[in-house]
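Engineer: Below you will find the structure I want to go over with you.
Read-outs: derived from the displayed coordinates by stated rules, not from any lab. Model, not experiment: these values are computed from the prediction. Cβ coordinates were reconstructed from backbone atoms using ideal geometry, including for glycine residues, and neighbour counts include every protein chain displayed.
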Amino acid sequence: MGKINLGRVRGNDGGFGNVRSVYLNDGGLPGVSVEMRGPDTAKDVDFTFSNLVNDPMTGSEIEQLVAGEVVQSSNVVNGSVMTQIWAAIKRLFAPKGHEHDAADIESGEFGAERIKSGAVTEAKLADDAVTADKLADGSVGIDHLDIEMREDWESLSQLHVENRGGWTVATFHGGVRMAWAPTKVVARAASTAWGSAYYTECYPLSLPAVLSSVDFAAITARSSNLAVHCGCKQVSVDTITPYVLTHTPLTVGSEFGVFCLVIGVSS
């Protein structure tokens, strides 16, 4: 079949409507996308450019970064930004070389090498500030004591004081013990004349069971009566048998206030 001449063939004119470009900075990958909409005679074209610029991080982004927040941004870190980041980080920490006023210290302990010699004086220690429970056993040694206290002592902690049945008992270095108590004696016999006074033997006083030997014992009057003298007739590790001398005779059962002291070696 032969060719047929149809003449000039023409279609509808093409054309563009709106052409727009949009820039996104969302911290994602760089890219470009094109979207076309509308009829061929008036196409709308949208160009979207994502994360293509090399802008430095902003001051707000730097503060977020230093604060530990997640920053969604394609802005870059250059030398200026690094300087700002480092300056912001340094503000969070004290310099390696720095000083504190003593008033700033609220916790912890000072080692001996940190305390200036002679800095802690008696005037700077409150009454009862240093108690027995704050001194470890042996922490105050012989070299820390005044010379008058050093002889035959190794530590202040070796002095131990306790109460035993109304008696105060102190234990010293080497097992030496001292016990004392305010108490009373009771006459177990009527008084007998002794010169211008009257002698009365009393019931034995029980001692605390802390001594294996008694090297010294004394009884003194502690009440306003007619006693002129108190003494010990017999002493053992368990008891003291006291006597009293009075200006007037005493009857059996008469009570007499005294203070008793014994020193010996611990059992």
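Engineer: Val71 label point, 7 Å along Cα→Cβ, cut-off 19 Å on backbone N: hits in the range 80-105?
Structural biologist: 80-93
Engineer: Same structure, new question: Multiplying the sequence separation of Asp40 and Arg164 by 0.36 nm and subtracting their Cα-Cα distance, what value in nm do you get?
Structural biologist: Length difference between fully extended and current span is 33.3 nm.
Engineer: Could you order peptides 94-102, 18-26 by the average number of other Cβ atoms within 10 Å of their residues, highest first?
Structural biologist: In decreasing order of mean packing, 94-102, 18-26 become 18-26, 94-102.
Engineer: Need the full-extension length gain, Tyr23 to Thr121, defined as separation in residues times 0.36 nm minus the C-alpha distance. One decimal, nm.
Structural biologist: Taking 0.36 nm per residue and subtracting the Cα distance, the gain is 27.9 nm.
Engineer: Grab the beta carbon distance between Leu92 and Asn5, set R0 = 51 Å, and tell me the FRET efficiency rounded to 0.05.
Structural biologist: So the FRET efficiency works out to roughly 0.05.
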